[in-house]
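The values are calculated or read from the model by the stated rules, or taken from the named source; none is laboratory data. Computed from a prediction, not measured in an experiment: that's the story for all the values here. Note that each Cβ is placed from the backbone with ideal geometry, even for glycine, and that neighbours are counted across all protein chains shown. In case anyone asks, the SASA skips ligands and DNA or RNA and just uses the protein heavy atoms, side chains included. Shrake-Rupley method; radii C 1.70, N 1.55, O 1.52, S 1.80 Å.
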Amino acid sequence: MTQLRKLTAAGAIGSAVLLAAGPALAQVDPETKFALDTFSFLICGALVMWMAAGFAMLESGLVRTKNTASICLKNIALYSIAGICYYVVGYNLMYAGVDGGYIGSLSIFYDASDAELALIGGDGEQLQGVIDNGYSVMSDWFFQMVFVATAASIVSGTLAERIRVWPFLIFVVVLSAVIYPIQGSWVWGGGWLSEMGFSDFAGSTLVHSTGGWAALTGAIILGARKGKYGPEGRVNPMPGAILPLATLGTFVLWLGWFGFNGGSQLALGSAADAANMAIVFANTNMAAAAGVVVAMLLTQFIYRKIDLTMALNGAIAGLVAITANPDVPAVWWAMLVGGVGGALVVFAVPLIDKLKIDDVVGAISAHLVAGIWGTFAVAFEDGNFVEQITGIIAIGLFVSITSAIVWLVLKFTIGIRVSEEEEELGLDRAELGMEAYPEFGTGSGRL
Amino acid sequence: MTQLRKLTAAGAIGSAVLLAAGPALAQVDPETKFALDTFSFLICGALVMWMAAGFAMLESGLVRTKNTASICLKNIALYSIAGICYYVVGYNLMYAGVDGGYIGSLSIFYDASDAELALIGGDGEQLQGVIDNGYSVMSDWFFQMVFVATAASIVSGTLAERIRVWPFLIFVVVLSAVIYPIQGSWVWGGGWLSEMGFSDFAGSTLVHSTGGWAALTGAIILGARKGKYGPEGRVNPMPGAILPLATLGTFVLWLGWFGFNGGSQLALGSAADAANMAIVFANTNMAAAAGVVVAMLLTQFIYRKIDLTMALNGAIAGLVAITANPDVPAVWWAMLVGGVGGALVVFAVPLIDKLKIDDVVGAISAHLVAGIWGTFAVAFEDGNFVEQITGIIAIGLFVSITSAIVWLVLKFTIGIRVSEEEEELGLDRAELGMEAYPEFGTGSGRL
Amino acid sequence: MTQLRKLTAAGAIGSAVLLAAGPALAQVDPETKFALDTFSFLICGALVMWMAAGFAMLESGLVRTKNTASICLKNIALYSIAGICYYVVGYNLMYAGVDGGYIGSLSIFYDASDAELALIGGDGEQLQGVIDNGYSVMSDWFFQMVFVATAASIVSGTLAERIRVWPFLIFVVVLSAVIYPIQGSWVWGGGWLSEMGFSDFAGSTLVHSTGGWAALTGAIILGARKGKYGPEGRVNPMPGAILPLATLGTFVLWLGWFGFNGGSQLALGSAADAANMAIVFANTNMAAAAGVVVAMLLTQFIYRKIDLTMALNGAIAGLVAITANPDVPAVWWAMLVGGVGGALVVFAVPLIDKLKIDDVVGAISAHLVAGIWGTFAVAFEDGNFVEQITGIIAIGLFVSITSAIVWLVLKFTIGIRVSEEEEELGLDRAELGMEAYPEFGTGSGRL
């Protein structure tokens, strides 16, 4: 059950069904289908764009006050940069002429087709040519573009509170222009992994693990925050400054995920597509719900206290886990997949701390660990264990190695880390010359 | 004008109109209608899910800092739990085989139909069977599910700052698995109240008053916060900690309400349905606007100061009031209904305080009082005064009695209230072992 | 390429194309098109409503703590009032019978058409009459209404921290009932400017510059905040109190802008409309992205620090700039337009400070300056330089003069400014009798 995200005709399910159904039934006419599929891409894409706000709020809530303006800036900057890079080279590298291979074509810019522009300009003879594409090309571009930013957002959270802003943004350029599109071409672009039978519906591996691997290599190369790990394995808590914003961010991500997974149906204009999209919405919601409940119960049993940030990460882990296969037929299976995701995050967070890998917001646990699990779990339904494991490993190796190279080059050229004094002072004052909460009597003196 | 929320064919309005219009006109073909109705459920349902974030922000803004993490946790947990309960038993209890009676069927799980799964799997012969249902079953489930969480959210605000987290969540289980579905079956499931002629378009009574009755009985049984009511009828203000978040929450609820009321049209795929949905959007907006303006003017005249939290509650009361009948033909009528809602909240809040019923966020006034008013106001248009009053009383009694039983059982078994010391310390430290704003120099010492 | 925002038939592009395409192709049937166009108005309108929350958060984040509750109140109140005024007289003044002239008709209320109400009531013979309108009239009203609030929101930010609440709201009444609709009638209502050939797709001038001119005249007549401008041209910074909320507000605006520009396509139900809407979404996003990146780079080069608030305003300026022409064929052109907008804001903010015009949030730079630029930039594509400049000047003069009259009348009757003591104390305590952050140890004593 391979799935190409860029369809050339009429949607993954719709076309096959229409053929099978024959001409006896009323069908969605092609122009209506074009409008529906395009609108679905646009609305779902807007919801995914909204996830950028979710990451910004989640990370703002979980860093300390002295680094808050800095994390806000990184989030709006990375979303902007990711889009630009994807327009300039990323999309073509991911989708143009991959054809079973390892990379798309290196051509710049991606704009509306000539046929579309002619039709918009009033040339009615172009209608058939436009409709044959199945949806507007820019709606597809928009939808794919917002996914790149999600991958980049994962990195910013893990590396918060000590990475310098410009080196981070340079990494985002490489990630969104080169690393993400190349691995994406292997599956959604129709490359070798999709040919082999690897399946990842909306990106447990392609988006979330990719962001997670980039974050993990970055965290190792960048090192932990000063004072995070004490002697004798002690882990010093550095609690988030404003937890309602972290909660808001999680709700924003949850809402955006309906677009992330639902829009990845890639079509709306047939009964089969619409029905499957509805299954995706329901499963996405319930996987997250199960992630929350499992994380709550586990923290209650293990620590005798419910941990709010763990519950929030449980929601995210549940969402990440179901992303590879959100159209399973039964909701209880989605809840199982999401619930295991929530459990994994409860155990992964202290484990990663034990390894002295400093992940400020728990993104490696929620996106990488749960992403691997979710991708693997596809095989329980599809039976493609070897293919899923191959894809997890191949993309993991590719993203880790290329990310490590970029991080190391940055480290030994312009440097990636603020000085100890700047870290102590806080990135907001050091790099931005401002405070996020100037009237509230907080700042570097407190923590 | 009874309304069953679960339709078996082609939408409340569309089918009748199509029949009446005859075959001479071009009509929306059934598969297109299926896609449109399904998409409308999904997008509107996502907007209603977003209201969970609105309640979380509203309540985070209106509680004190020492109880903020706790209210965040309760909100994300109750949304998760409500969905799970509604999947496991709630939906079937509300919609399966009610048939004029008092309850649906007790069967577990609700998943996609076999015909849908077959069609999605490529069996084109199932197309007709799927289309005959009118919309995807999971899109309907998703839309109905998010309403349960709204009812539960109302309870969390009223009881904040002193209820223990686990007993509260157990109440949510009973509310969303049993209490809400049973009373819902009486109207939207096609039970006795709908047969009689009771009308509640999107849930002034079924959702908002239900949540309000559950909150009211809980507040009475739980008791007021320590120090809230002094001697000689004195009411000590305990102002909300961060009012921009309360404002944000209100805006989130307002946005979500377009899905709440608009999606309750239950269909989009006919001119009549689309036109009525547009009326619903406009009226919903203007009832809220009127609620804000009336609450502002009244607080200015009565107290010589405009009260921001009253203006916010005025918006919510306006929204609640119009929810029973948002498709009235003239916007000025919707403004009247919403404006009265805004006025009621200004008078109900101090009245409820006078009764020493401690409602932290004013939810009883905004949801229960305005919900009763809105449900009653339907009769000015429909003339069904007896039926509306019957429904208000029947559901009020049922929810109050069952809720009281659950609260009392919880109170005399595991207990529902934190200790005085824990209340003084704040629920965040007592139950979660964390602070919502650890760097800001706030906490139990201040208020 | 004039554009009337209120169409009488089947959408700007769709109808022409359908005629040109002839009967050989499958076409969207009229009732499906009606449902699609209506739904597009509703969903896009809801996104624009959401921008009201964006302005509320942006301004909450950028004012000082002592004026935060006040700015929250102004924002929810202005949104409410703008809608009411637009319902009572604004819409008719803007759209009814303008016919090449300078003003619409002065008739009160705007409600659903008789044909729509009859169809909804079950009169199938009205179907053709409803469909001939092309979309539901209330969906169009809803979409146009939310634009008025946007114009009013711009004013509240500039004048924050010293204007009294009731005079401000009276200005909002005049702006949304009279000033905005009259200038709007000149273009979108089919008045003299549209006849001449002035083009403004979604309102760089009609919405954003209009708000900006009203804010500018208000700022001049109201005067600067006490202490803002010292001797010898010194500008005292008065930094925003809570920058994550300002960041959130910007993201909210960005999301809402997809509805603002995308919905201004005014139709979805043809391939040409859907394809053009997709171009609008992509360009809108990329103009904002370019605005962010340019503002970041410029502040880094000029000040050696990246300024977060400038980056946020860069996003807004990019969005404002592309709003006049978001359907340019190539994304790189949208990025150029947006990038110039981002640059303009970096230079305009200190310049406006040099003129001692006190704009608390930078709204004049982001909305007026970038709005003029974006409107002018249309001419690079359309060649209508004279027409664009005429429109910019005509609307600028009209809005400035009428706004100045209103501000001056208010100033010399009820007064528009709080006393020095009240300004020192903060508007929250002075006018609302409350604090936005009562537990956080902030307030008038600090700044």
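Once Lys and Arg get +1 and Asp and Glu get -1 on their Cβ, which of A:Tyr79, A:Gly100, A:Ser153 lies farthest toward the positive end of the dipole of chain A?
A:Ser153
Report Rg/Rh for chain C, rounded to two decimals, where Rg is the Cα radius of gyration and Rh the Kirkwood radius.
Dividing the radius of gyration by the Kirkwood radius yields 0.99.
Taking all protein chains as present, what is the carbon and sulfur share of the accessible area of the protein assembly as shown, in % to the nearest whole number, probe 1.4 Å?
65 percent
Would you grab the residues whose amide H sits under 5 Å from the one on B:Arg417? Only those 5+ places off in sequence or on another chain, please, with H modelled 1.01 Å from N.
The list, which skips near neighbours in sequence, is B:Arg164.
Can you give the angle from 0 to 90° between the axis of helix A:308-322 and the longest principal axis of chain A, with both taken from C-alpha atoms, to the nearest 10?
30 degrees
Would you mind pulling out the separation of the Cα centroids of the range A:52-115 and the range B:35-87, in Å?
For the range A:52-115 versus the range B:35-87, the Cα centre distance is 29 Å.
Taking the Cα centre of the range C:297-416 as origin and charging only Cβ (+1 Lys, Arg; -1 Asp, Glu), how large is the dipole, in debye to the nearest 20?
Working: 5 positive and 8 negative charges, 97 e Å.
Roughly 460 debye for the range C:297-416.
Order the peptides A:185-191, B:396-402 from the highest to the lowest mean number of other Cβ atoms within 10 Å of their residues.
A:185-191, B:396-402
Keeping all protein chains in position, work out how much accessible area A:Met238 exposes to a 1.4 Å probe, and write it in Å² to the nearest 10.
Roll a 1.4 Å probe over it and A:Met238 shows about 30 Å².
Rounded to the nearest 100 Å², what is the buried accessible area between C and A, both sides summed, probe 1.4 Å?
Roughly 5700 Å² of accessible surface disappears when C and A pair.
Could you list which residues have their amide H under 5 Å from that of B:Val235, counting only those 5 or more apart in sequence or on another chain, with H placed in the peptide plane?
B:Gly230
Whole-Hz Karplus ³J(HN,Hα) for the range B:210-227, in order, using 6.51 cos²θ - 1.76 cosθ + 1.60 and θ = phi - 60°, x for Gly and Pro?
Computed from phi, the couplings for the range B:210-227 are 4, x, x, 4, 4, 5, 5, 4, x, 5, 5, 6, 6, x, 7, 5, 4, x Hz.
Given Cβ point charges of +1 (Lys, Arg) and -1 (Asp, Glu) and nothing else, what value in debye, to the nearest 20, does the dipole of the protein assembly as shown about its Cα centre take?
4640 debye
Rolling a 1.4 Å sphere over the protein heavy atoms, what is the accessible area per residue of the protein assembly as shown, to the nearest Å²?
27 Å²
Report the Rg/Rh value for the range B:146-187, based on alpha-carbon coordinates and the Kirkwood definition of Rh.
Expressed as Rg/Rh, it is 1.01.
From the backbone phi of the range A:389-396, what are the Karplus-calculated ³J(HN,Hα) couplings (6.51 cos²θ - 1.76 cosθ + 1.60, θ = phi - 60°) in whole Hz, Gly and Pro given as x?
Per-residue couplings from phi come out as 5, 4, x, 4, 5, 4, 5, x Hz.
Enter the accessible area of C:Ile352 (Å², nearest 10), with the probe set to 1.4 Å and all protein chains included.
20 Å²
Does anyone have the angle between helix A:370-382 and the longest principal axis of chain A? Alpha-carbon axes, 0 to 90°, nearest 10?
30 degrees
I'd like to know which of B:Val235, B:Leu169, B:Val187 lies farthest towards the positive end of the charge dipole of the range B:164-239, counting +1 on Cβ of Lys and Arg and -1 on Cβ of Asp and Glu.
B:Val235
Relative contact order for chain C using alpha-carbon pairs under 8 Å, separation at least 6, rounded to a whole percent?
Relative CO of chain C lands at 25 percent.
Taking 25 Å as R0, compute the FRET efficiency from the Cβ-Cβ separation of A:Ser105 and A:Asp132 and round it to 0.05.
0.70
How far is the Cα center of the range A:273-352 from the Cα center of the range C:345-378, in Å?
Here the answer is 46 Å between Cα centres.
What are the extents of the Cα atoms of the range C:379-447 along their three principal axes, listed from largest to smallest and rounded to whole Å?
Projected onto its principal axes, the Cα set of the range C:379-447 covers 58, 34, 17 Å.
Take the residue pairs B:Lys305/C:Lys74; A:Lys305/B:Lys66; B:Lys228/B:Lys411; A:Lys66/A:Lys356; A:Lys74/A:Lys305 and return only those whose Cα atoms are more than 24 Å apart.
Among B:Lys305/C:Lys74; A:Lys305/B:Lys66; B:Lys228/B:Lys411; A:Lys66/A:Lys356; A:Lys74/A:Lys305, the Cα-Cα distance tops 24 Å for A:Lys74/A:Lys305.
Provide C:Tyr303, A:Tyr91 ordered by accessible surface of protein heavy atoms (probe 1.4 Å), highest first.
C:Tyr303, A:Tyr91
Can you tell me the orientation of helix C:243-262 relative to chain C, as the angle in degrees between its alpha-carbon axis and the longest Cα principal axis, to the nearest 10?
Between the helix axis and the principal axis of chain C, the angle is about 20 degrees.
Report which residues of the range A:52-96 become buried by 40 Å² or more of accessible surface when going from the isolated chain to the complete set of protein chains (1.4 Å probe; DNA, RNA and ligands ignored).
A:Met57, A:Cys72, A:Leu73, A:Ile76, A:Tyr79, A:Ser80, A:Ile84, A:Tyr87
222 nm [θ] for chain B, helices only, -39500 (n - 2.57) per DSSP H run of 4+, per residue, to 500?
-20000 deg cm²/dmol
Taking the protein assembly as shown on its own, what percent of its Cα-Cα pair distances exceed 63 Å?
Values: 29274 of 898470 pairs.
So the portion of pairs separated by more than 63 Å is 3 percent.
Once amide H atoms are built 1.01 Å from N in the peptide plane, which residues 5 or more positions from B:Tyr110, or in another chain, come under 5 Å H to H?
Correct list: empty.
How would C:Glu423, B:Glu424 rank on accessible area, largest to smallest, probe 1.4 Å? The partial results should precede the final answer.
Values: C:Glu423 15, B:Glu424 90 Å².
From most accessible down to least: B:Glu424, C:Glu423.
Which residues of the range B:200-243 show a drop of at least 30 Å² in accessible area when all protein chains are present, compared with their chain alone (probe radius 1.4 Å, heavy atoms only, ligands and nucleic acids excluded)?
The answer is B:Ala241, B:Ile242, B:Leu243 - residues whose exposure falls by at least 30 Å² when every protein chain is included.
In what sequence, largest accessible area first, do B:Thr309, B:Thr38 appear using a 1.4 Å probe?
The residues order as B:Thr309, B:Thr38, largest area first.
Let me know the mean shielding of A:247-260 by other chains, meaning the per-residue number of their Cβ atoms within 10 Å of its Cβ.
On the way: counts 13, 12, 3, 4, 14, 5, 0, 8, 8, 2, 1, 7, 2, 0.
For this peptide, the per-residue mean of nearby foreign Cβ atoms is 6.
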